[in-house]
1. Can you pull out every residue in the range 26-51 that is under 16 Å from residue 99 (Cα atoms) and in a loop (DSSP other than H, G, I, E, B)?
2. Would you check which residues across the range 46-91 are free of Cβ contacts under 8 Å to residues at least 12 places away in the same chain and of a type in the set (Lys, Arg) and list them?
3. I'm told residue 77 meets every condition in (1) over 11 Å from the mean Cα position of the chain (by Cα); (2) surrounded by 14 or more Cβ atoms within 10 Å (Cβ to Cβ) except one. Can you identify the failing condition by its number?
4. Taking residue 94, is it of a type in the set (S, T, N, Q), crowded, with 16+ Cβ neighbours inside 10 Å, under 22 Å from residue 19 (Cα atoms) and free of Cβ contacts under 8 Å to residues at least 24 places away in the same chain?
5. What tally of residues in the range 52-72 results from selecting those that are under 21 Å from residue 23 (Cβ atoms), more than 8 Å from the chain's Cα centre (by Cα) and outside any helix (DSSP H, G or I)?
6. When you go through (1) within 22 Å of residue 108 (Cα to Cα); (2) surrounded by 16 or more Cβ atoms within 10 Å (Cβ to Cβ); (3) not basic (Lys, Arg) one by one for residue 55, which number turns out not to apply?
7. Within the group 86, 74, which residue is under 23 Å from residue 51 (Cα atoms) and of a type in the set (Lys, Arg)?
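Taken together, the values in this text are just the output of simple stated rules run on the coordinates, not laboratory data. None of these values were measured; they are calculated from a predicted model. Positions of Cβ are generated from backbone atoms using ideal geometry, with glycine treated the same way; all protein chains shown enter the neighbour counts.
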Amino acid sequence: MTTPPRSSEQRADALAAAHQTRQERARLRAALKARELTGLDVLLGAAEHPAWASARVSWLLQSLPGVGAVRAERMMSELGIAPSRRIQGLGERQRAALVERLGQREAGSDA
């Protein structure tokens with residue numbers, strides 16, 4: 001499948017939108033690392049922030065302090081979440097399980 005031809009103006013608009021999304025995610029990652037936001041904040045606020053909603057769940061988990069690739073992969077496997085799943089694509093049960101797990105994590109019992 002090939003991409004439809006775009007005008008130079010359309011390409012420039014798409015590049016600007018992608019750049020803005022990357023900047024928003026960089027700010028989000030910094031806020032998560034600094035503990036200004038929690039994983040629960042992101043999950044529950046994703047509906048209002050398209051850049052958050054389109055992020056992969058694995059990216060979100062790895063952005064949390066104390067969670068690396070292995071821990072994120074293990075958590076997602078235990079909850080039945082595919083590695084390619086995006087936050088906006090989580091099913092009700094997956095979202096509820098992830099909210100519960102992140103709630104436990106933030107309450108002090110490190111996942």
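1. From the range 26-51, those under 16 Å from residue 99 (Cα atoms) are 32, 37-47; that's our starting set.
Across the range 26-51, the qualifying residues are 37, 38.
2. Listed by number, the list holds a single entry, 74.
3. Going through (1) over 11 Å from the mean Cα position of the chain (by Cα); (2) surrounded by 14 or more Cβ atoms within 10 Å (Cβ to Cβ) one by one, residue 77 breaks only (2).
4. No.
5. 1
6. Among (1) within 22 Å of residue 108 (Cα to Cα); (2) surrounded by 16 or more Cβ atoms within 10 Å (Cβ to Cβ); (3) not basic (Lys, Arg), residue 55 violates only (1).
7. 86
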